[in-house]
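Visitor: First the structure, which I've put down as structure tokens, then a few questions once you've had a look.
The values are calculated or read from the model by the stated rules, or taken from the named source; none is laboratory data. Quick caveat: nothing in here was measured; it's all calculated off a predicted structure. Don't worry about glycine lacking a Cβ; one is built from the backbone with ideal geometry, like all the others, and counts go over all protein chains shown.
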Amino acid sequence: SLEQHMVIHTEEREYKCDQCPKAFNWKSNLIRHQMSHDSGKRFECENCVKVFTDPSNLQRHIRSQHVGARAHACPDCGK
């Protein structure tokens with residue numbers, strides 16, 4: 001939701017990756033990011049930083065997040 005998204009502009013990023021300097025506001029985003037360090041198959045979204053282990057999850061993400069106009073947009077970054 002837009003409310004959850006706004007946290008990235010105000011909160012400290014407490015979930016730190018132990019393999020690179022990246023840090024995240026949400027534990028789920030850290031877990032998703034950590035998959036990018038795995039040598040297994042990964043499917044990366046070309047529009048954002050999200051990584052998936054299954055191509056159908058990537059397609060569902062693209063349809064729900066990047067196709068068409070969003071009803072609510074962040075005033076700081078437009079996401």
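Visitor: Among (1) part of a helix (DSSP H, G or I); (2) modelled with pLDDT of 85 or more, which single condition is ASN47 missing?
Guide: The single condition ASN47 does not satisfy is (1).
Visitor: Looking at the stretch 5-38, which of the residues that are over 12 Å from the mean Cα position of the chain (by Cα) and within 18 Å of LYS79 (Cα to Cα) is modelled with the lowest pLDDT?
Guide: Ranking the qualifying residues of the stretch 5-38, first place goes to GLU11.
Visitor: Also, I was wondering about something else. Name, by its number, the condition in (1) touching a His at 6+ places or on another chain (Cβ under 9 Å); (2) at pLDDT below 85; (3) of a type outside the set (Asp, Glu) that does not hold for LYS41.
Guide: (1)
Visitor: Every residue in the stretch 21-39 that is assigned to a loop (DSSP other than H, G, I, E, B) and in contact with a helix residue (DSSP H, G or I) (Cβ under 7 Å, 6 or more places away or on another chain), please.
Guide: Of everything in the stretch 21-39, those that are assigned to a loop (DSSP other than H, G, I, E, B) and in contact with a helix residue (DSSP H, G or I) (Cβ under 7 Å, 6 or more places away or on another chain) turn out to be LYS22, ASN25.
Visitor: Another one. For the stretch 1-53, what are the residues that are among the aliphatic types (A, V, I, L, M), surrounded by 13 or more Cβ atoms within 10 Å (Cβ to Cβ) and touching a residue at least 24 places away in the same chain (Cβ under 8 Å)?
Guide: Answer for the stretch 1-53, where residues must be among the aliphatic types (A, V, I, L, M), surrounded by 13 or more Cβ atoms within 10 Å (Cβ to Cβ) and touching a residue at least 24 places away in the same chain (Cβ under 8 Å): just MET6.
Visitor: Take the residues of the stretch 59-73 that are in a loop (DSSP other than H, G, I, E, B) and of a type in the set (A, V, I, L, M): which is modelled with the highest pLDDT?
Guide: The residue in question is VAL67.
Visitor: Do you know which of the residues in the stretch 54-64 that are charged (D, E, K, R) and more than 17 Å from SER28 (Cα to Cα) is surrounded by the most Cβ atoms within 10 Å (Cβ to Cβ)?
Guide: Per the stated criteria, the residue is ARG60.
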